[in-house]
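Presented below is the structure to which this report refers.
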Amino acid sequence: MYWLSWSLGAFVAERHLRGDCLLIPRISLYALGAIAVASSFFRPLSKMTFLLFALLTAGVVAKLLHNADQKISIPEFIRHHLQQVGLWSFSLYLLHQPLLLVVPQVAAKITSGAYIHPLLLFVLCIASWVLIVPIARLFYRLCELPSIALGKPFRARNAPNHAPQRTGSAAFEPLGPQDNKRDSRRHNTYEQMDS
């Protein structure tokens, strides 16, 4: 089930790069959100919660990418935080699961084994973001950046001589004949993101 949910993100990104942003799923995102939240409260459906939230996230991201012309007003400090989190996202991906598994254990020790409502555990896991982000930032600086620097000479040595290295949106080549008809608005959006 997890591989499927992770594949949804790759699918949405690929469709966006090809210029074919279709909405996933085709039902109302509000309805899917309600089903995803409700599934965590009903035992037979609770096994599907992760997948339902993955579908919801893929649908929201696809819709946002599809309506890229519409500006979303986000306060500057939140935008800056989200950009930084995006930079550290691989470290977040690697570290969040082990750290989130510790939260219920710590909560159980603090409450001396008393019953803790799942909603309270959920809130505690969300609050652990305050701990996970600095650890991910540290991991990014101590592990990812040195690894990237170590890999650059190997990448440069193995890169084809005829293709100059590019960064940002210019690194994406058209994927097929239909992709030669790029949407200029989307291209301009990428150019603004690169600057």
Give me the residue from the stretch 90-104 that is free of Cβ contacts under 8 Å to residues at least 12 places away in the same chain and either over 16 Å from TRP6 (Cβ atoms) or surrounded by 11 or more Cβ atoms within 10 Å (Cβ to Cβ) (or both) and, out of that set, nearest to the chain's Cα centre (by Cα). TYR93
List every residue pair whose Cβ atoms sit under 7 Å apart, with the two residues 6 or more apart in sequence or on different chains, where the first one lies in the stretch 47-69 and is within 13 Å of LEU29 (Cβ to Cβ) and the second, anywhere, is among the aromatic types (Phe, Trp, Tyr) and surrounded by fewer than 16 Cβ atoms within 10 Å (Cβ to Cβ). none
Do the conditions hold for HIS81, that is, is it under 18 Å from TRP6 (Cα atoms) and not assigned by TED's automatic domain parsing to the domain that holds GLY19? no
Among the residues of the stretch 150-157, are any over 20 Å from HIS81 (Cβ atoms), modelled with pLDDT of 90 or more and over 24 Å from the mean Cα position of the chain (by Cα)? yes
When both residues are 6+ apart or on different chains and their Cβ atoms are under 7 Å apart, which pairs have a first residue that lies in the stretch 3-19 and is surrounded by fewer than 15 Cβ atoms within 10 Å (Cβ to Cβ), and a second that is at pLDDT 80 or above? LEU4/LEU51; GLY9/ALA58
Filtered residues of the stretch 102-123 (kept if within 21 Å of ARG43 (Cα to Cα) and in a helix (DSSP H, G or I)): PRO104, PRO118, LEU119, LEU120, LEU121, PHE122, VAL123
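The values are calculated or read from the model by the stated rules, or taken from the named source; none is laboratory data. Keep in mind the model is a prediction, meaning the values are calculated, not measured. Note that we place each Cβ from the backbone using ideal geometry, even for glycine, and neighbour counts take in every protein chain shown.
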